[in-house]
Amino acid sequence: MTNSSDHFKGVVYAIIAALMWGVLAIALKVSLNVLPSISIVWVRFIIAFLLMFVFHLVKRPQAFLIFKRPPLKLIIASLCLVLNYFGFMKGVEYTTTSSAQVFIQLGPVLFALAGIFIFREKINWKHITGFLILLAGLSLFYRDHLHAITNQSQYSLGILWLVIASASWAMYAVLQKELIQTVSINQLNLFIFGFNAFIISPFTSYEGFVHLSFSSWMLMLFLGINTLVAYGAIAMAFRHLEANKVSVIITMNPIITFLLLYVLTNMQVTWLKSEHLSVISIVGAVIALMGASFVIIFTRKK
(Lines give C-alpha, C1' and ligand atoms only; values in the text may rest on other atoms or scores of the structure.)
Protein backbone atom coordinates (compact mmCIF):
# COMPACT_ATOMS: atom_id res chain seq x y z
CA MET A 1 0.00 0.00 0.00
CA THR A 2 1.45 3.36 -1.01
CA ASN A 3 1.54 5.90 1.85
CA SER A 4 0.73 9.58 1.37
CA SER A 5 4.39 10.66 1.37
CA ASP A 6 5.33 8.18 -1.36
CA HIS A 7 2.22 9.13 -3.31
CA PHE A 8 3.13 12.82 -3.24
CA LYS A 9 6.72 12.11 -4.27
CA GLY A 10 5.53 9.92 -7.13
CA VAL A 11 3.18 12.63 -8.41
CA VAL A 12 5.92 15.29 -8.25
CA TYR A 13 8.41 13.10 -10.12
CA ALA A 14 5.82 12.24 -12.78
CA ILE A 15 4.98 15.94 -13.26
CA ILE A 16 8.68 16.76 -13.65
CA ALA A 17 8.97 14.08 -16.36
CA ALA A 18 5.86 15.44 -18.11
CA LEU A 19 7.28 18.99 -18.07
CA MET A 20 10.61 17.79 -19.48
CA TRP A 21 8.93 15.86 -22.28
CA GLY A 22 6.53 18.73 -23.00
CA VAL A 23 9.46 21.04 -23.74
CA LEU A 24 11.59 18.32 -25.35
CA ALA A 25 9.55 17.93 -28.55
CA ILE A 26 10.01 21.61 -29.44
CA ALA A 27 13.74 21.50 -28.64
CA LEU A 28 14.15 18.43 -30.85
CA LYS A 29 12.36 20.11 -33.75
CA VAL A 30 14.68 23.12 -33.49
CA SER A 31 17.78 20.90 -33.23
CA LEU A 32 16.95 19.34 -36.62
CA ASN A 33 17.99 22.66 -38.16
CA VAL A 34 21.62 21.94 -37.26
CA LEU A 35 22.08 18.15 -36.96
CA PRO A 36 20.63 14.92 -38.44
CA SER A 37 18.34 12.71 -36.36
CA ILE A 38 20.83 10.02 -35.38
CA SER A 39 23.39 12.61 -34.24
CA ILE A 40 20.78 14.27 -32.01
CA VAL A 41 19.88 10.90 -30.47
CA TRP A 42 23.58 10.26 -29.79
CA VAL A 43 24.00 13.71 -28.22
CA ARG A 44 21.13 13.06 -25.82
CA PHE A 45 22.65 9.78 -24.64
CA ILE A 46 26.30 10.82 -24.51
CA ILE A 47 25.74 14.05 -22.56
CA ALA A 48 23.42 12.35 -20.09
CA PHE A 49 25.96 9.53 -19.68
CA LEU A 50 28.95 11.86 -19.21
CA LEU A 51 27.12 13.82 -16.52
CA MET A 52 26.27 10.60 -14.69
CA PHE A 53 29.79 9.24 -15.30
CA VAL A 54 31.46 12.19 -13.57
CA PHE A 55 29.03 12.08 -10.65
CA HIS A 56 29.41 8.34 -10.02
CA LEU A 57 33.16 8.42 -10.54
CA VAL A 58 33.41 10.82 -7.59
CA LYS A 59 30.51 9.73 -5.40
CA ARG A 60 29.56 6.12 -6.23
CA PRO A 61 32.24 4.29 -8.25
CA GLN A 62 30.67 0.96 -7.31
CA ALA A 63 27.80 1.80 -9.67
CA PHE A 64 30.02 0.93 -12.64
CA LEU A 65 29.85 -2.75 -11.65
CA ILE A 66 26.61 -2.90 -13.64
CA PHE A 67 28.70 -2.88 -16.84
CA LYS A 68 30.50 -6.06 -15.77
CA ARG A 69 27.50 -8.37 -15.99
CA PRO A 70 24.30 -6.49 -16.98
CA PRO A 71 21.00 -8.42 -16.80
CA LEU A 72 19.59 -9.46 -20.18
CA LYS A 73 16.41 -7.50 -19.45
CA LEU A 74 18.51 -4.35 -19.01
CA ILE A 75 20.16 -4.83 -22.41
CA ILE A 76 16.75 -5.36 -24.04
CA ALA A 77 15.34 -2.31 -22.24
CA SER A 78 18.27 -0.24 -23.52
CA LEU A 79 17.65 -1.35 -27.10
CA CYS A 80 13.94 -0.54 -26.73
CA LEU A 81 14.78 2.96 -25.51
CA VAL A 82 17.21 3.70 -28.34
CA LEU A 83 14.52 2.61 -30.82
CA ASN A 84 12.06 4.86 -29.02
CA TYR A 85 14.45 7.83 -29.23
CA PHE A 86 15.20 7.30 -32.91
CA GLY A 87 11.56 6.62 -33.82
CA PHE A 88 10.36 9.73 -32.01
CA MET A 89 13.14 11.76 -33.62
CA LYS A 90 12.10 10.63 -37.12
CA GLY A 91 8.49 11.31 -36.20
CA VAL A 92 9.35 14.87 -35.21
CA GLU A 93 11.38 15.26 -38.42
CA TYR A 94 8.73 13.93 -40.82
CA THR A 95 5.62 15.34 -39.11
CA THR A 96 5.15 18.25 -36.73
CA THR A 97 5.89 18.84 -33.05
CA SER A 98 2.20 18.67 -32.13
CA SER A 99 1.64 15.48 -34.18
CA ALA A 100 4.60 13.78 -32.54
CA GLN A 101 3.37 14.68 -29.06
CA VAL A 102 -0.16 13.45 -29.71
CA PHE A 103 0.71 10.13 -31.36
CA ILE A 104 3.49 9.24 -28.92
CA GLN A 105 0.78 8.99 -26.25
CA LEU A 106 0.14 5.53 -27.61
CA GLY A 107 3.16 4.58 -25.51
CA PRO A 108 1.57 4.95 -22.04
CA VAL A 109 -1.61 3.30 -23.35
CA LEU A 110 0.29 0.30 -24.72
CA PHE A 111 2.16 0.16 -21.42
CA ALA A 112 -1.14 0.05 -19.55
CA LEU A 113 -2.50 -2.66 -21.88
CA ALA A 114 0.71 -4.64 -21.45
CA GLY A 115 0.10 -4.48 -17.71
CA ILE A 116 -3.28 -6.09 -18.25
CA PHE A 117 -1.65 -9.14 -19.85
CA ILE A 118 1.16 -9.25 -17.29
CA PHE A 119 -1.34 -9.27 -14.38
CA ARG A 120 -3.71 -11.53 -16.36
CA GLU A 121 -6.56 -9.08 -16.01
CA LYS A 122 -9.46 -9.46 -18.43
CA ILE A 123 -9.94 -6.61 -20.88
CA ASN A 124 -13.33 -5.09 -20.14
CA TRP A 125 -15.61 -2.61 -21.90
CA LYS A 126 -13.86 0.30 -20.18
CA HIS A 127 -10.54 -0.55 -21.78
CA ILE A 128 -12.14 -1.10 -25.19
CA THR A 129 -14.12 2.15 -24.94
CA GLY A 130 -11.04 4.13 -23.95
CA PHE A 131 -8.97 2.65 -26.76
CA LEU A 132 -11.71 3.39 -29.32
CA ILE A 133 -11.93 6.99 -28.05
CA LEU A 134 -8.14 7.26 -28.40
CA LEU A 135 -8.23 5.94 -31.97
CA ALA A 136 -11.10 8.29 -32.86
CA GLY A 137 -9.15 11.29 -31.56
CA LEU A 138 -5.97 10.24 -33.36
CA SER A 139 -7.89 9.67 -36.60
CA LEU A 140 -9.52 13.10 -36.39
CA PHE A 141 -6.18 14.75 -35.66
CA TYR A 142 -4.43 12.80 -38.45
CA ARG A 143 -7.04 13.55 -41.13
CA ASP A 144 -7.10 17.26 -40.32
CA HIS A 145 -3.31 17.53 -40.38
CA LEU A 146 -2.97 15.43 -43.52
CA HIS A 147 -5.06 17.92 -45.52
CA ALA A 148 -2.75 20.75 -44.45
CA ILE A 149 0.48 18.88 -45.26
CA THR A 150 2.16 19.15 -48.67
CA ASN A 151 4.14 15.89 -48.48
CA GLN A 152 1.46 13.49 -47.25
CA SER A 153 3.49 10.29 -47.77
CA GLN A 154 6.31 11.66 -45.61
CA TYR A 155 3.82 12.67 -42.92
CA SER A 156 2.32 9.17 -42.90
CA LEU A 157 5.82 7.66 -42.64
CA GLY A 158 6.47 9.91 -39.66
CA ILE A 159 3.29 8.65 -37.98
CA LEU A 160 4.47 5.06 -38.54
CA TRP A 161 7.78 5.91 -36.83
CA LEU A 162 5.84 7.37 -33.90
CA VAL A 163 3.80 4.16 -33.54
CA ILE A 164 7.06 2.17 -33.49
CA ALA A 165 8.50 4.59 -30.92
CA SER A 166 5.38 4.20 -28.76
CA ALA A 167 5.52 0.40 -28.82
CA SER A 168 9.23 0.35 -27.98
CA TRP A 169 8.68 2.78 -25.09
CA ALA A 170 5.92 0.58 -23.69
CA MET A 171 8.27 -2.42 -23.74
CA TYR A 172 11.03 -0.34 -22.12
CA ALA A 173 8.64 0.83 -19.38
CA VAL A 174 7.49 -2.74 -18.62
CA LEU A 175 11.10 -3.92 -18.30
CA GLN A 176 12.11 -0.87 -16.27
CA LYS A 177 9.26 -1.42 -13.83
CA GLU A 178 10.70 -4.88 -13.14
CA LEU A 179 14.35 -3.83 -13.13
CA ILE A 180 14.03 -1.08 -10.53
CA GLN A 181 13.01 -3.72 -8.00
CA THR A 182 16.52 -5.19 -8.09
CA VAL A 183 18.76 -2.58 -9.79
CA SER A 184 19.26 0.94 -8.45
CA ILE A 185 17.88 3.79 -10.54
CA ASN A 186 21.33 5.34 -10.86
CA GLN A 187 22.87 2.13 -12.17
CA LEU A 188 19.91 1.57 -14.48
CA ASN A 189 20.22 4.95 -16.21
CA LEU A 190 24.03 4.91 -16.14
CA PHE A 191 24.08 1.67 -18.12
CA ILE A 192 21.26 2.60 -20.50
CA PHE A 193 22.76 5.98 -21.44
CA GLY A 194 26.30 4.61 -21.79
CA PHE A 195 25.32 1.45 -23.68
CA ASN A 196 23.10 3.32 -26.14
CA ALA A 197 25.66 6.07 -26.76
CA PHE A 198 28.18 3.32 -27.56
CA ILE A 199 26.03 1.27 -29.95
CA ILE A 200 24.90 4.24 -32.07
CA SER A 201 28.27 6.01 -32.12
CA PRO A 202 29.31 4.32 -35.42
CA PHE A 203 26.25 5.76 -37.14
CA THR A 204 26.77 9.32 -35.88
CA SER A 205 28.00 12.06 -38.22
CA TYR A 206 30.61 13.93 -36.16
CA GLU A 207 31.45 16.50 -38.84
CA GLY A 208 28.27 18.43 -38.05
CA PHE A 209 29.44 19.21 -34.52
CA VAL A 210 32.44 21.20 -35.76
CA HIS A 211 30.30 24.02 -37.13
CA LEU A 212 27.81 24.32 -34.28
CA SER A 213 27.30 27.80 -32.88
CA PHE A 214 27.36 28.56 -29.15
CA SER A 215 23.54 28.64 -29.02
CA SER A 216 23.38 25.26 -30.79
CA TRP A 217 25.81 23.77 -28.27
CA MET A 218 23.62 25.12 -25.47
CA LEU A 219 20.65 23.44 -27.12
CA MET A 220 22.57 20.14 -27.26
CA LEU A 221 23.47 20.50 -23.58
CA PHE A 222 19.81 21.12 -22.76
CA LEU A 223 18.80 17.94 -24.65
CA GLY A 224 21.27 15.90 -22.60
CA ILE A 225 20.20 17.40 -19.28
CA ASN A 226 16.54 16.99 -20.25
CA THR A 227 17.16 13.30 -20.94
CA LEU A 228 18.91 12.81 -17.61
CA VAL A 229 16.26 14.64 -15.57
CA ALA A 230 13.24 13.15 -17.36
CA TYR A 231 14.32 9.52 -17.10
CA GLY A 232 15.59 9.93 -13.58
CA ALA A 233 12.23 11.42 -12.63
CA ILE A 234 10.18 8.75 -14.40
CA ALA A 235 12.18 5.97 -12.73
CA MET A 236 11.56 7.57 -9.32
CA ALA A 237 7.88 8.04 -10.15
CA PHE A 238 7.51 4.32 -10.91
CA ARG A 239 9.16 3.51 -7.58
CA HIS A 240 6.81 5.68 -5.49
CA LEU A 241 3.53 5.51 -7.43
CA GLU A 242 1.34 2.95 -9.19
CA ALA A 243 2.14 2.58 -12.89
CA ASN A 244 -1.32 3.62 -14.09
CA LYS A 245 -1.22 6.89 -12.14
CA VAL A 246 2.24 7.71 -13.50
CA SER A 247 1.03 7.01 -17.04
CA VAL A 248 -2.00 9.31 -16.68
CA ILE A 249 0.21 12.19 -15.57
CA ILE A 250 2.76 11.80 -18.38
CA THR A 251 0.04 11.62 -21.04
CA MET A 252 -0.71 15.24 -20.18
CA ASN A 253 2.63 16.46 -21.54
CA PRO A 254 1.17 17.39 -24.99
CA ILE A 255 -0.84 20.11 -23.25
CA ILE A 256 2.46 21.74 -22.22
CA THR A 257 3.73 21.48 -25.80
CA PHE A 258 0.54 23.00 -27.25
CA LEU A 259 0.68 25.92 -24.82
CA LEU A 260 4.32 26.59 -25.67
CA LEU A 261 3.60 26.39 -29.40
CA TYR A 262 0.77 28.88 -28.96
CA VAL A 263 3.03 31.31 -27.08
CA LEU A 264 5.91 30.95 -29.56
CA THR A 265 3.58 31.41 -32.54
CA ASN A 266 2.23 34.65 -31.06
CA MET A 267 5.80 35.78 -30.44
CA GLN A 268 6.49 35.12 -34.15
CA VAL A 269 9.83 33.45 -33.51
CA THR A 270 11.91 32.71 -36.61
CA TRP A 271 13.67 29.57 -35.34
CA LEU A 272 10.50 27.47 -35.17
CA LYS A 273 8.10 26.97 -38.07
CA SER A 274 4.47 27.73 -37.22
CA GLU A 275 2.16 24.70 -37.13
CA HIS A 276 -1.34 23.90 -38.31
CA LEU A 277 -3.43 23.90 -35.14
CA SER A 278 -7.06 24.21 -36.15
CA VAL A 279 -10.05 23.72 -33.86
CA ILE A 280 -10.51 20.22 -35.32
CA SER A 281 -6.88 19.33 -34.54
CA ILE A 282 -7.20 20.53 -30.96
CA VAL A 283 -10.50 18.66 -30.49
CA GLY A 284 -8.89 15.51 -31.93
CA ALA A 285 -5.93 15.86 -29.56
CA VAL A 286 -8.20 16.36 -26.54
CA ILE A 287 -10.31 13.31 -27.49
CA ALA A 288 -7.13 11.23 -27.90
CA LEU A 289 -5.82 12.27 -24.48
CA MET A 290 -9.20 11.52 -22.90
CA GLY A 291 -9.19 8.06 -24.45
CA ALA A 292 -5.61 7.41 -23.30
CA SER A 293 -6.45 8.49 -19.74
CA PHE A 294 -9.60 6.34 -19.78
CA VAL A 295 -7.62 3.20 -20.65
CA ILE A 296 -4.94 3.91 -18.04
CA ILE A 297 -7.28 4.90 -15.20
CA PHE A 298 -9.25 1.66 -15.46
CA THR A 299 -6.16 -0.54 -15.50
CA ARG A 300 -5.13 -2.29 -12.28
CA LYS A 301 -3.07 -0.15 -9.91
CA LYS A 302 -0.17 -2.62 -9.90
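The values are calculated or read from the model by the stated rules, or taken from the named source; none is laboratory data. Small disclaimer: the values here were computed from a predicted structure and weren't measured. Cβ sites come from the backbone with ideal geometry, for glycine too, and all protein chains shown count toward neighbours.
Among the residues of region 58-66, is there at least one that is part of a helix (DSSP H, G or I), at pLDDT below 95, buried (at least 17 other Cβ atoms within 10 Å of the Cβ) and not small (G, A, S)? Explain how you work it out, then say what you get.
If we filter region 58-66 for residues that are part of a helix (DSSP H, G or I), which is where we start, we get 58, 61-66.
Applying the additional criterion that residues be at pLDDT below 95 yields 58, 61-66.
Of the ones still in play, those that are also buried (at least 17 other Cβ atoms within 10 Å of the Cβ) are 63, 66.
After this cut, where a residue has to be not small (G, A, S) as well, the list is 66.
Yes; the residues of region 58-66 include at least one that is part of a helix (DSSP H, G or I), at pLDDT below 95, buried (at least 17 other Cβ atoms within 10 Å of the Cβ) and not small (G, A, S).
Counting just the residues of region 123-134 that are loosely packed, with under 15 Cβ neighbours inside 10 Å and part of a helix (DSSP H, G or I), which one comes out nearest to the chain's Cα centre (by Cα)? Lay out the reasoning, then the answer.
Taking region 123-134 as the starting set, the residues that turn out to be loosely packed, with under 15 Cβ neighbours inside 10 Å are 123-126, 128-129, 132.
Subset that is part of a helix (DSSP H, G or I): 125-126, 128-129, 132.
Working: W125: 28, K126: 25, I128: 24, T129: 25, L132: 23 Å.
Only one residue tops the list, namely L132.
Do the conditions hold for K273, that is, is it more than 20 Å from L79 (Cα to Cα), assigned to a loop (DSSP other than H, G, I, E, B) and touching a helix residue (DSSP H, G or I) at 6+ places or on another chain (Cβ under 9 Å)?
Values: more than 20 Å from L79 (Cα to Cα): yes; assigned to a loop (DSSP other than H, G, I, E, B): yes; touching a helix residue (DSSP H, G or I) at 6+ places or on another chain (Cβ under 9 Å): yes.
Yes.
Kindly check whether there is at least one residue in region 143-152 that is under 14 Å from the mean Cα position of the chain (by Cα) and outside any loop (DSSP other than H, G, I, E, B).
First pass over region 143-152, keeping only residues under 14 Å from the mean Cα position of the chain (by Cα): none.
Checked region 143-152: no residue is under 14 Å from the mean Cα position of the chain (by Cα) and outside any loop (DSSP other than H, G, I, E, B).
Could you grab me the full set of residues in region 72-108 that are under 13 Å from the mean Cα position of the chain (by Cα), within 20 Å of I133 (Cα to Cα) and assigned to a helix (DSSP H, G or I)?
A100, Q101, V102, F103, L106, G107, P108, listed by residue number.
How many residues, within region 73-103, are closer than 15 Å to A173 by Cβ and not aliphatic (A, V, I, L, M)?
Taking region 73-103 and keeping what is closer than 15 Å to A173 by Cβ, we get 73-74, 76-85, 87-88.
Narrowing the set further to residues that are not aliphatic (A, V, I, L, M) leaves 73, 78, 80, 84-85, 87-88.
Qualifying residue count for the region: 7.
Within region 43-52, is there a residue that is of a type outside the set (V, I, T), surrounded by fewer than 20 Cβ atoms within 10 Å (Cβ to Cβ), in contact with a helix residue (DSSP H, G or I) (Cβ under 9 Å, 6 or more places away or on another chain) and outside any helix (DSSP H, G or I)? So that I can check it myself, show each step before the final result.
Just the residues of region 43-52 that are of a type outside the set (V, I, T), to begin with: 44-45, 48-52.
If we keep only those that are surrounded by fewer than 20 Cβ atoms within 10 Å (Cβ to Cβ) too, we end up with 50-51.
Checking which are in contact with a helix residue (DSSP H, G or I) (Cβ under 9 Å, 6 or more places away or on another chain) leaves us with 50-51.
Now drop any that are not outside any helix (DSSP H, G or I), which leaves none.
No, every residue in region 43-52 fails to be of a type outside the set (V, I, T), surrounded by fewer than 20 Cβ atoms within 10 Å (Cβ to Cβ), in contact with a helix residue (DSSP H, G or I) (Cβ under 9 Å, 6 or more places away or on another chain) and outside any helix (DSSP H, G or I).
So in region 224-234, with the set limited to residues that are among the aliphatic types (A, V, I, L, M) and either surrounded by fewer than 20 Cβ atoms within 10 Å (Cβ to Cβ) or free of Cβ contacts under 8 Å to residues at least 60 places away in the same chain (or both), which one is farthest from L35 (Cα to Cα)? Quick ask: steps written out before the conclusion?
Taking region 224-234 and keeping what is among the aliphatic types (A, V, I, L, M), we get 225, 228-230, 233-234.
Adding the requirement that they be either surrounded by fewer than 20 Cβ atoms within 10 Å (Cβ to Cβ) or free of Cβ contacts under 8 Å to residues at least 60 places away in the same chain (or both) leaves 225, 229.
On the way: I225: 18, V229: 22 Å.
Among those residues, the one meeting the criterion is V229.
One line per residue, one yes/no per condition, for (1) touching a His at 6+ places or on another chain (Cβ under 9 Å); (2) in contact (Cβ under 8 Å) with a residue 24 or more places away in the chain; (3) closer than 23 Å to S98 by Cβ:
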| site | (1), (2), (3) |
| --- | --- |
| F222 | no, yes, yes |
| V248 | no, yes, yes |
| M252 | no, yes, yes |
| N266 | no, no, yes |
| V279 | no, no, yes |
| V283 | no, yes, yes |
| V295 | yes, yes, yes |
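Within region 241-270, how many residues turn out to be part of a helix (DSSP H, G or I) and either in contact with a Ser or Thr (Cβ under 7 Å, 6 or more places away or on another chain) or modelled with pLDDT under 80 (or both)? Before the answer, list the steps.
Looking only at region 241-270, we keep the residues that are part of a helix (DSSP H, G or I), and these are 243-250, 253-267.
Still in the running and either in contact with a Ser or Thr (Cβ under 7 Å, 6 or more places away or on another chain) or modelled with pLDDT under 80 (or both): 243-245, 247-248, 257-258, 261, 265.
Summing the residues that are part of a helix (DSSP H, G or I) and either in contact with a Ser or Thr (Cβ under 7 Å, 6 or more places away or on another chain) or modelled with pLDDT under 80 (or both) in region 241-270 gives 9.
Out of the residues in region 271-302 that are aromatic (F, W, Y) and surrounded by 15 or more Cβ atoms within 10 Å (Cβ to Cβ), which is modelled with the lowest pLDDT?
At the first step, the residues of region 271-302 found to be aromatic (F, W, Y) are 271, 294, 298.
Adding the requirement that they be surrounded by 15 or more Cβ atoms within 10 Å (Cβ to Cβ) leaves 294, 298.
Values: F294: 79, F298: 71.
So the residue we want is F298.
Any idea how many residues of region 25-42 are under 17 Å from V269 (Cα atoms) and assigned to a helix (DSSP H, G or I)?
Selection size over region 25-42: 7.
For region 79-86, indicate whether the set of residues that are at pLDDT 85 or above, crowded, with 23+ Cβ neighbours inside 10 Å and farther than 30 Å from S274 by Cβ is non-empty.
The answer is yes, given that some residue of region 79-86 is at pLDDT 85 or above, crowded, with 23+ Cβ neighbours inside 10 Å and farther than 30 Å from S274 by Cβ.
Going through region 135-159 one residue at a time, which ones are of a type in the set (D, E, K, R) and either surrounded by 15 or more Cβ atoms within 10 Å (Cβ to Cβ) or at pLDDT 90 or above (or both)?
Residues of region 135-159 of a type in the set (D, E, K, R): 143-144.
The answer is D144, and nothing else.
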